[in-house]
1. Based on alpha-carbon positions alone, could you give the equivalent ellipsoid semi-axes of the stretch 352-428 from the gyration tensor, as √(5λ), descending, whole Å?
2. In Å, what Rg and Dmax follow from the Cα atoms of the stretch 295-391?
3. Work out the charge dipole of the chain with +1 on the Cβ of Lys and Arg and -1 on the Cβ of Asp and Glu about the Cα centre, then indicate which of ILE368, HIS243, ASN223 is farthest towards its positive end.
4. Can you tell me the relative contact order of the stretch 1-151? Whole percent, Cα pairs under 8 Å, sequence separation 6 or more.
5. Whole angstrom only: what separates the Cα centroid of the stretch 287-361 from the Cα centroid of the stretch 8-67?
6. Using the Kirkwood radius over Cα pairs, work out the Stokes-Einstein diffusion coefficient for the stretch 285-348 at 10 °C and 1.306 mPa s, in µm²/s as a whole number.
7. Restricting to the stretch 146-209, what percent of DSSP beta bridges are antiparallel, rounded to 5?
8. Note down the accessible area of ARG54, probe 1.4 Å, to the nearest 10 Å².
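The values are calculated or read from the model by the stated rules, or taken from the named source; none is laboratory data. As the structure is a computational prediction, the values presented were derived from the model and not from experiment. Positions of Cβ are generated from backbone atoms using ideal geometry, with glycine treated the same way; all protein chains shown enter the neighbour counts. Heads up: the accessible areas ignore ligands, DNA and RNA and are worked out on the full protein's heavy atoms, side chains in. Shrake-Rupley method; radii C 1.70, N 1.55, O 1.52, S 1.80 Å.
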Amino acid sequence: MFERETKCVQSGYNPKSGEPRVLPIYQSTTFSYDSPEDMAALFDLKAEGFFYTRLGNPTVDALEKKIADLDGGVGAMGTASGMSATLITVANLCHAGDNIISTATVYGGTYNLFSTTIAKLGIECRFVDPCVSREELESKIDDKTKLFFCETIANCAMNVANFEMFSDVCKKHGVVFAVDNTLATPVICRPLEHGANVVVYASTKYLDGHATSVGGIIVDGGNFSFLGNKRYPDFNEPDESYHGLVYAKDCGKAGFIVKARAQYMRDFGAQMAPMNAFLTFLGSETLHLRMPRHSENALLVAEMLKKNSNVEWVKYAGLKDDENYPLVQKYFDGGMASGMVTFGIKGGRAGAIRFQKALRLFRIVTHIADARSCVLHPASTTHRQLSDSDLKACGISDNLIRLSVGIENPKDILADLENALKEAEKGN
Ligand SMILES: *Cc1c(COP(=O)(O)O)cnc(C)c1O
């Protein structure tokens, strides 16, 4: 109903007369009822309301409503972290013996989850190059394939998802298409408009935007027909652990997210804390102001790096000569390409270390998407556990520097980087 900017500021919480103007933090594990019948109706999913914060909390609910609204989904669920959002998405679709397909350039934590941890649970991940051909992608699908997964902008390989081809293939085979939209946010891209069925976020990143709260969100597009789809018996057979509910039939379009909550939030207990939901909700009120500024500053940084003598290569999808630029124009609002830039510094690992030590404004942190500029050298930090060949498959070289460009004055940002590049070059 409202424009995107208005939704960022206002959606999700609508106080009634006399209620607090600002979303309250419902710091309560439980909710009180006058009669046992009132509470029984909630447990039977016959009435809407809250009974226990693991399964729902009004502060978390407001954030869920806002993000679902921004993405155009039918429902959403907050989780303890981005990782748990992805884990629950996989668990909601797969049993031991099933498989998923993912682009190989996903976030390092997600790569570990898919390559190692879900394998221990009997779920195989088939990795594909983000530039995979339609034929190769289709050849990976069999009758046990339950999910195709990719990132809108890959952290930190920087490739942009080929939504049209991916969603075509998924539709043709009746496979759920889930996208991690953490780096783009709904201000830059809405994957559901490009054929995705489920969107996941590390709300830890831009949705919060101030580096206060680890959290995740799953958004259900309500646009996948589970009903009668033989690939997904769990959605079509009665859930004996939940009153015989048939998710594909009894939950309108929201079967995916109702099942995720009723089964996996109930049993895994990876809920978002009310305090974190409050801080993320507050942060998201300026998302529409921050994303353009992050994108503008990052473009200036990428252009400067391209010309710098101590830089081997630069990856930023917003650069006109970047191989992903056509996809940016096709799928992203206003040519925005978010705030993350990667580049290869001359002098290998040693050059990367000299560079980081000479920075003043950019702080060394294991984080991105903060209003404050920050820097990371993945090969020696977040991706330390990966072998050289795994690193290569993720598109990460040992001289790769990941910048998360903040919303400070671009003059200060550029000066800090140029100075550190000059200092680092002295050691070459
Ligand atoms: C950080 C990140 C995650 C994981 O989120 P956590 O909140 O740290 O668990 C997942 N995907 C992407 C793209 C990320 O950047």
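1. Gyration-tensor ellipsoid for the stretch 352-428: 23, 16, 9 Å.
2. Here Rg and the maximum Cα pair distance are 14.3, 39 Å.
3. Working it through, the farthest residue towards the positive pole turns out to be ILE368.
4. 20 percent
5. Here the answer is 41 Å between Cα centres.
6. 129 µm²/s
7. Approximately 10 percent, going by the DSSP bridge assignments.
8. Rounded to the nearest 10, that gives 80 Å².
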